[in-house]
Amino acid sequence: MVIDCHCHAGLGDLLNAPWNTTAPLRAYLRRARGAGIDRTVVFPLFHSDYAKGNAQVARLVAQQPDRLIGFGFVHPRKDEGRIREMVAQCARWGFRGMKVHGHDASPTREVCDAVRAFRMPLLVDVAGRAHLVDMFAPEYPDVNFIIPHLGSFADDFRAHQPVIDQLVRYPNVYADSSGVRRFDYLVQAVKRAGARKILFGSDGPWLHPGLELHKIRLLGLAPRDEALVLGRNIQRLLRPASDVAAVETPGDNADGARAIAHA
């Protein structure tokens with residue numbers, strides 16, 4: 001099974017750039033299907049209220065549960081004091097992980113404690129500041145962290161190289177391939193850290209999933225290693241939705257089911 005671990009979905013409300021305005025899935029899903037991608041992890045784009053963005057994604061996932069896997073989004077500063085509640089709501093919706101973006105704020109203990117409690121991986125876009133991984137990864141060895149773009153969407157070698165080093169040093173650190181333009185960094189990441197530490201991602205809907213998938217094919221990996229990168233690694237990191245939701249009480253789960261039914 002081929003799983004794209006990095007795609008934005010829904011509507012933003014800031015309206016000053018594509019990544020905080022709209023992320024429609026129709027063209028993306030057509031392209032993904034044509035490329036042979038079976039399932040896709042989706043999360044909100046930038047938003048002034050991630051609780052609303054998460055609810056939008058929950059509705060999208062509920063419409064296509066066989067194609068979409070939900071991740072929630074939190075702002076470590078603005079959502080301070082309600083992050084566990086937001087993660088709990090995402091778990092009730094069946095989401096399988098959470099995201100934090102460095103352009104908002106860096107992960108905090110509140111964020112890491114919440115994802116650990118709900119046994120979720122945390123996708124952290126460090127936005128070029130790879131040194132942050134050396135702060136949170138050793139502090140939370142029982143949380144799996146996914147670093148998209150090998151640490152930088154801006155093609156910054158000063159982030160790519162340290163993230164590859166961190167993949168080698170930390171058992172709980174993984175990276176996705178989305179938007180990595182300097183191909184030799186992907187080659188180096190697989191060679192040094194092993195295929196089990198790299199996840200295929202496209203950064204859809206803005207990047208073409210077929211093009212991003214072809215980069216993985218061009219690595220020329222052995223079939224077993226290619227299967228790890230294309231889906232088995234992310235499958236291993238995602239606990240079953242029922243397992244994640246079980247952290248909450250049965251009453252809370254029932255409330256969550258009613259909430260999504262009326263969302």
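The values are calculated or read from the model by the stated rules, or taken from the named source; none is laboratory data. Since the model is a prediction, treat every value here as computed from it, not as a measurement. Cβ placement follows ideal geometry from the backbone for every residue including glycine, while neighbour counts extend to all protein chains displayed. Keep in mind that these areas ignore ligands, DNA and RNA; they rest on the heavy atoms of the full protein, side chains included. Shrake-Rupley method; radii C 1.70, N 1.55, O 1.52, S 1.80 Å.
Here are a few things to note about the model shown:
- Sulfur and carbon atoms: percent of accessible area, the chain [1.4 Å]: 53
- For the pair Gln235 and Lys52, the difference between a 0.36 nm per residue extended length and the Cα-Cα distance amounts to 63.2 nm.
- 18 Å Cα-Cα reach of Lys52 towards aspartates and glutamates, excluding residues that sit fewer than 8 places from it in its own chain: Asp13, Asp79, Glu80, Glu85, Asp104, Asp255
- Highest mean packing comes first when the peptides 214-222, 184-192 are listed by Cβ atoms within 10 Å, giving 184-192, 214-222.
- Label-point separation, Lys191 to Ala27 (7 Å along Cα→Cβ), nm: 3.6
- Taking amide H atoms as placed 1.01 Å from N in the peptide plane, the amide H of Leu123 lies under 5 Å from those of Met98, Lys99, Val100, Ile146, each 5 or more residues away in sequence or on another chain.
- For the chain, the solvent-accessible area of protein heavy atoms averages 43 Å² per residue (probe radius 1.4 Å; ligands and nucleic acids excluded).
- In the chain, Cα pairs under 8 Å separated by at least six residues give a relative contact order of 20 percent.
- Taking a straight line from the alpha carbon of Lys191, these aspartates and glutamates sit under 12 Å away, with near neighbours fewer than eight places off in the same chain left out: Asp165, Asp225.
- Contour minus Cα-Cα distance for Ala62 and His131 (0.36 nm per residue): 21.1 nm
- DSSP bridge orientation in the chain - percent antiparallel, rounded to nearest 5: 10
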